[in-house]
1. For a quick check, take a GNM of chain A with Cα springs below 10 Å and name the residue from A:Ala174, A:Ala232, A:Ala197 with the largest mean-square fluctuation.
2. To the nearest 0.05, how large is the calculated FRET efficiency for B:Ala106 and B:Ile63 if R₀ is 56 Å and r is the Cβ-Cβ distance?
3. Once you've got the GNM for chain A with C-alpha springs shorter than 10 Å, pick whichever of A:Lys216, A:Lys32, A:Lys143 has the biggest mean-square fluctuation.
4. Once you average over the residues of B:175-183, how many Cβ atoms of partner chains fall within 10 Å of each Cβ?
5. Calculated from DSSP H runs of 4 or more alone, at -39500 (n - 2.57) each and per residue, what is the 222 nm mean residue ellipticity of chain B, nearest 500?
6. Where does each of B:Met227, A:Met188 land when they are ordered by accessible area, with a 1.4 Å probe and the largest first?
7. Taking a probe of 1.4 Å, how large is the accessible area per residue of segment B:56-264, in Å²?
8. Please work out how much length the chain gains when fully extended from A:Val133 to A:Asp89, using 0.36 nm per residue of separation minus the C-alpha to C-alpha distance, in nm with one decimal.
Amino acid sequence: MSATDIPSGTAADTAAARDTGGAAISVQGVAKTYASGAGPVQALLPTDLEVKPGEFIVLLGPSGCGKTTLLRMLAGLHAPTEGTITIGDRPLFTSGDTEPKRDALGSLGFVFQQANLMPWRKVWANIALPLEVLRVPKHERRKRAADMAQMVGLGDFLGHYPKQLSGGMQQRVAIARALIHDPSILLMDEPFGALDAMTRDQMNVQLQDLWLETAKTIVLVTHSISEAVFLADRIVLLSQRPGRIQDVIEVDFPRPRPLSVANEPRFGEIVGSLRGALGGHA
Amino acid sequence: MTATRPLTDETTSPVTPRRGSGSRILWITTPLILIAFLGLWKLYTVVSGVGELILPPPEKVGIALVQLLGDASVWQATYVTLYETVVGFALAAVVGIALGIVLGRARTLERILSPFLVATQVVPKVAIVPLLLLWFGFGLASKIFMAAIIAFFVMMQNTILGIRSIDQGHRDLMRVIRAPWWKRVISLDIPSSLPYVLTGVELGIVFAITGAIVGEYLGGDQGLGAMATVMLSALRTDQLFAVVIIMTLLGFLLYAIVAGVRRYAIPWHESSGRATAL
Ligand SMILES: Nc1ncnc2c1ncn2[C@@H]1O[C@H](COP(=O)(O)OP(=O)(O)OP(=O)(O)O)[C@@H](O)[C@H]1O
Ligand SMILES: [Mg+2]
């Protein structure tokens, strides 16, 4: 999988297709207050957000502003204290729900902030786990896991146990696992945080390619301003705790974006204004 | 990347293989230490002039051991002790692990019951042997219960720990991939708590054989424990030693079986020491 595999027309076609239809994810008045031992913690103030099908959204904000909280609610892992979340045309949480309506979730890929690999499974079996739930036969699971491992640069490590891998390698296994069942919605919580700058760039390019090819809806959390500008259609800027949406920035560089887009003056301008808005927090 | 490639570890591991050379050295050190031990023992009996009744020299024990092994009654006694141990252990494992799973999930229940569970452990269990004899007679049943009572707690406790230690991140993962409950049990709950449960089982089998032998010491006329008391009253210290050696070997055998199961069942775990050997 590389940028050169994509006929230039396809990207434009899928991009056009994306603009039709309703929201892929709709967040209305969603707030979250955690009940903790030391009293309630307000993590997210009432928030509205519409993610279009096939859109690439990046959540950017200082540590502790509720990015993980929001993402986990989108995946049905936490219930909002108030507000409604709708996936496609199916409600996931309607006001006051404490349990998600599971069938709304459809096919979902989630990259956690921690790799969350199962230490008793070898790399290939970790990657293939979502396929087991879908009852894909074993030989096909192996094949698809091998392909996916290849994509994240771990083709030689299929038979290793997670503890034999470095932190960055483990995170790449987790990314492969989130993608293996070709989910239509991909939620990623600082997926590349544990990677070195060069691998990170490479993974960013690969993720963009994958997204252009498959028309997934992606919501990605990051601390890196330049990563946000490189990847996003729209950057959702969250303010310091308690989190709320401070600004939404459209990024309209043409796709596929080469890494060198970072050298364009407009890129630098956006990065600069985001840095200013974050007040040096990120 | 071909799918048909065998997915074993032909690639070199980035982690140095652990314990590989460490276990090979045991084949040399263990016999050496044993020989040194026997030598010191012999030396002591010669130099100190201690009576054979108190400490027989090693070769006398060896002869007694060979003689005993030629005698059907020892095998009968070994069989009885093995039987009590295994049945008592199995009983304790079933009840202990089942109760551990329940208490591991139900925190409140565990908190309510914990004073009582601890109390049963604080009671010196040897002290209840007379009661067991009273209730279950001098036959095998009282020894089976003794073995079970001693082995039960550690297996329950480790199972509770195992269930509690299931990682929240892994639970979230299973939810996100929409795993049904049985898939979660098979792919998360069991493998995740298995190392703990198996640690309990390893300790449990050792505790069970102790329980069975203590029970035999204190009542009845069957098993290795009873045989040891007979030899004591006959003042055959050399044979007493030989019986203790047989008990030890039996314990070793049972432990080795359980440890082997553990190594096979959880090759990925630190405790198995051979992460890449599968
Ligand atoms: N389970 C919880 N119980 C109580 N408080 C929580 C819980 N999870 C998060 N919080 C609080 O909610 C706030 C937002 O947390 P969250 O993890 O969403 O932040 P984040 O934006 O993802 O931060 P980071 O960039 O450091 O990952 C934090 O102040 C945190 O203390
Ligand atoms: Mg976070």
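The values are calculated or read from the model by the stated rules, or taken from the named source; none is laboratory data. Quantities reported herein were computed from a predicted structural model and do not represent experimental measurements. In this analysis, Cβ positions are derived from the backbone assuming ideal geometry, glycine residues included, and neighbour counts consider all displayed protein chains. For accessibility, only protein heavy atoms count, side chains too; no ligands or nucleic acids. Shrake-Rupley method; radii C 1.70, N 1.55, O 1.52, S 1.80 Å.
1. Looking only at A:Ala174, A:Ala232, A:Ala197, the biggest GNM fluctuation is shown by A:Ala197.
2. Calculated transfer efficiency: 0.45.
3. A:Lys143
4. Counting other chains' Cβ atoms within 10 Å and averaging over B:175-183 gives 6.
5. -25500 deg cm²/dmol
6. From most accessible down to least: B:Met227, A:Met188.
7. 48 Å²
8. Contour length minus the Cα-Cα distance gives 13.4 nm.
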